[in-house]
Amino acid sequence: MTIKSDRWIRRMAREHKMIEPFIDSQVRGSAISYGVSSYGYDIRVADEFKIFTNINNTVIDPKNFDPRSFVDVKTDVCIVPPNSFALARTIEYFRIPRDVLTICLGKSTYARCGIIVNVTPFEPEWEGTVTLEISNTTPLPAKIYANEGIAQVLFFQSDEPCEMSYADKKGKYQAQRGVTLPKI
């Protein structure tokens, strides 16, 4: 496996629509950075959030998820309550090649504020918008800025294609759009 560079990411985005919409450079300034970087791609969080709440006294059960466990919010700045979390999605839609695996890591700007982003790897031939879990580990409310960077995706290419891809096994989160809740 080799980690892929900005040149490879640009080529795959242009020729194979691996990332849409694709930002060809790193956007900085007053925004939390996003777009292509040296060896990865900084993804953006959309303005749709599911903020977890305890008002209905539901139990979080991945096998029987109760949608009353959260409040839907559409906003440019999401406030995640102390010691809580929110689900969100990326602006970008991904199409991962059969010989590629990604690892997604939260950005250090948020990590330095006690905000942790958890995302599973994007498997070979998975496609869709990414559902993100944004945890506020602090005892204070935390701001998440929509349409700005939230995490970085690193791309690893194998010497040979995998035997069984996410598409082959008909993965349950294939082609997801929007914030997708747990499925069994």
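Observations, loosely collected:
- Isotropic mean projected area of the C-alpha convex hull, the range 4-46 (nm²): 3.0 nm²
- Residue with peak Gaussian network fluctuation, the chain [Cα springs, cutoff 10 Å], from D66, D99, D24: D66
- Expressed as a whole percent, the proportion of Cα-Cα pairs in the range 101-184 lying more than 17 Å apart is 56%.
- Cα coordinate range in the chain, projected on the principal axes (Å, largest first): 49, 41, 23
- R0 of 30 Å, Cβ-Cβ distance L154-D61: FRET efficiency to nearest 0.05: 0.40
- The chain: most fluctuating residue of C104, C78, C113 per GNM, C-alpha cutoff 10 Å: C113
- When the alpha carbon coordinates of the range 60-151 are projected onto the principal axes, the ranges are 42, 34, 21 Å, largest first.
- Taking the Kirkwood radius as Rh and the Cα radius of gyration as Rg, the range 19-113 has a ratio of Rg/Rh equal to 1.02.
- Residue with peak Gaussian network fluctuation, the chain [Cα springs, cutoff 10 Å], from E163, E92, E125: E163
- Placing unit charges on the Cβ atoms only, positive for Lys and Arg and negative for Asp and Glu, gives the range 5-56 a dipole magnitude near 160 debye about its Cα centre.
- Across all C-alpha atoms in the range 101-147, the radius of gyration and Dmax reach 12.4, 39 Å.
- Gap separating the Cα centres of the range 38-85 and the range 122-184, nearest whole Å: 14 Å
- Between 0 and 90°, nearest 10: helix 6-16 axis offset from the chain longest Cα axis: 90 degrees
Any read-out appearing in this document is the output of simple, stated calculations on the displayed coordinates, not a laboratory observation. As the structure is a computational prediction, the values presented were derived from the model and not from experiment. We place every Cβ from the backbone using ideal geometry, glycine too, and count neighbours over all the protein chains shown.
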